[in-house]
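Peer 1: So that we are looking at the same thing, I have put the structure below in structure tokens.
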Amino acid sequence: MKLIPLHIFSNKTRFDFIGTRWYGFGVSILFSLISFGVLFTHGLNWGIDFTGGVLMELKTEQSADLASMRKALEGEGLGEVSLQNFGDSQNVMIRIQSTGENSEGAIVEKVKRLLSGAVSGKIDYRNIEFVGPTVGHELVKSGIMATVFACVAIMLYVWFRFEWQFGVGTLLALAHDTIMVIGFYAISRFDFGLTAIASVLTIIGYSMNDSVVIYDRIRENMRRYKKMPMNELLNQSMNETLARTVLTSSTTLLAALALAIFGGEVIKGFSWSLVFGIVVGTYSSIYISAPTLIYLKIRPELEGEQGNG
């Protein structure tokens with residue numbers, strides 16, 4: 001019995017991505033300005049990792065009810081409070097952001113008093129740590145360095161694998177994605193901590209992978225169609241990889257959505273930033289990384305033809 005392949009998307013799409021690139025540029029510029037505006041006016045909602053605070057690890061006699069524990073601690077002048085299980089349902093990690101109103105010792109005593117009335121049975125406090133603002137500043141610096149290093153390393157990799165124009169296009173797309181994700185955190189007011197840095201780096205890697213697939217097809221078509229105008233060649237390359245791009249993005253997006261919806265409060269910001277980043281990364285690989293090749297003279301001998309459209 002001969003199996004008939006299932007084609008969800010046509011392999012012969014003819015979307016004019018290059019012809020509509022200015023709309024894409026306009027959308028990117030608009031959202032970049034919004035992101036910068038919110039960042040400068042409201043800033044980021046810095047998490048405990050960067051601002052400092054108290055980290056407590058405890059064990060309850062029975063399975064911990066995180067909802068009731070969170071309710072007992074919130075609204076008591078403790079600042080941002082984060083609770084999560086680790087190991088099993090009896091082990092709980094509590095992170096409390098330092099607000100400057102209470103000393104670390106006062107915070108610990110208040111937490112113990114509030115939890116004693118909310119949790120039945122004995123509570124074993126196994127570890128209590130204090131994260132100072134100096135450590136938080138170092139983490140901010142390390143996070144920025146990690147993001148910049150990742151972008152530069154990816155650009156050099158693409159430059160080595162293709163040509164320098166592809167590396168510059170990749171760097172622009174990654175800078176675009178980073179600005180968009182940081183703007184998302186500023187607008188949504190999700191905590192910006194180490195998990196936020198992890199989400200930015202994850203999205204950078206995802207976006208780069210998508211761009212490399214398109215770049216590989218562009219390079220292949222440049223060798224195959226030596227006289228084809230660059231506008232047409234880029235459109236053809238993106239249309240030929242469109243089915244792969246959409247299917248990969250859709251399946252990854254479904255996994256991220258499941259994590260965002262069912263993953264719980266602790267990773268809510270991380271999960272929704274992944275959902276947003278996957279959409280932005282797919283968009284930037286089509287409307288940022290590929291169209292910029294037109295302006296970087298990837299084919300000097302066809303420069304006159306590249307400027308059309």
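Peer 1: Taking 0.36 nm per residue of sequence separation and subtracting the Cα-Cα distance, how much length would be gained by fully extending the chain between Asn91 and Thr251, in nm to one decimal?
Peer 2: Result for the pair: 54.2 nm of gain on full extension.
Peer 1: Please work out the Cα center distance from segment 37-62 to segment 159-226, rounded to the nearest Å.
Peer 2: Answer, in whole Å: 28.
Peer 1: For Lys71, which lysines qualify as cross-link partners when the Cα separation must be under 24 Å and same-chain residues fewer than eight apart are set aside?
Peer 2: Lys59, Lys110, Lys112, Lys122, Lys268
Peer 1: Each residue of segment 138-145 in order: what ³J(HN,Hα) in whole Hz does its phi give by Karplus 6.51 cos²θ - 1.76 cosθ + 1.60, θ = phi - 60°, with x for Gly and Pro?
Peer 2: Calculated HN-Hα couplings, in order: 5, 5, 4, 4, 5, x, 5, 4 Hz.
Peer 1: Enter the angle in degrees (range 0 to 90, nearest 10) between the Cα long axis of helix 230-240 and the first principal axis of the Cα atoms of the chain, meaning the one along which they spread out most.
Peer 2: It works out to around 60 degrees.
Peer 1: Could I ask something else about it? Per Stokes-Einstein, at 4 °C and 1.567 mPa s, what whole-number D in µm² s⁻¹ belongs to the chain, with the Kirkwood radius over Cα pairs as the hydrodynamic radius? Display every interim value, and only then the final one.
Peer 2: On the way: Rh = 22.2 Å.
Translational D for this selection: 58 µm²/s.
Peer 1: What is the angle, in °, between the Cα long axis of helix 268-284 and the longest principal axis of the Cα atoms in the chain? Nearest 10 is fine, range 0 to 90.
Peer 2: 10
Peer 1: Take the Cα of Ala118, step 7 Å along the line toward its Cβ, and report every residue of segment 37-74 whose backbone nitrogen sits under 19 Å from that point.
Peer 2: Residues 48, 53-74 fall inside that zone.
Peer 1: For the ranges 279-292, 245-258, what's the packing order if you count other beta-carbon atoms within 10 Å of each residue, average per peptide, and put the highest first?
Peer 2: My ranking of the peptides, most packed first, is 279-292, 245-258.
Peer 1: May I pose another question? Helix-only mean residue ellipticity at 222 nm, the chain, DSSP H runs n ≥ 4 weighted -39,500 (n - 2.57), per residue, nearest 500. What is it?
Peer 2: -20500 deg cm²/dmol
Peer 1: Taking the number of other C-beta atoms within 10 Å as the exposure measure, put Trp22, Trp164 in order starting with the fewest. Please report the intermediate quantities before stating the final value.
Peer 2: Numbers: Trp22 11, Trp164 14.
The most exposed by this proxy come first: Trp22, Trp164.
Peer 1: Helix 21-41 versus the longest principal axis of the chain: what is the Cα-based angle in degrees, 0 to 90, to the nearest 10?
Peer 2: Once rounded, the angle reads 20 degrees.
Computed from the coordinates by the stated procedures, all read-outs in this text should not be read as laboratory data. Quantities reported herein were computed from a predicted structural model and do not represent experimental measurements. Positions of Cβ are backbone-derived with ideal geometry, glycine not excepted, and every protein chain shown enters the neighbour counts.
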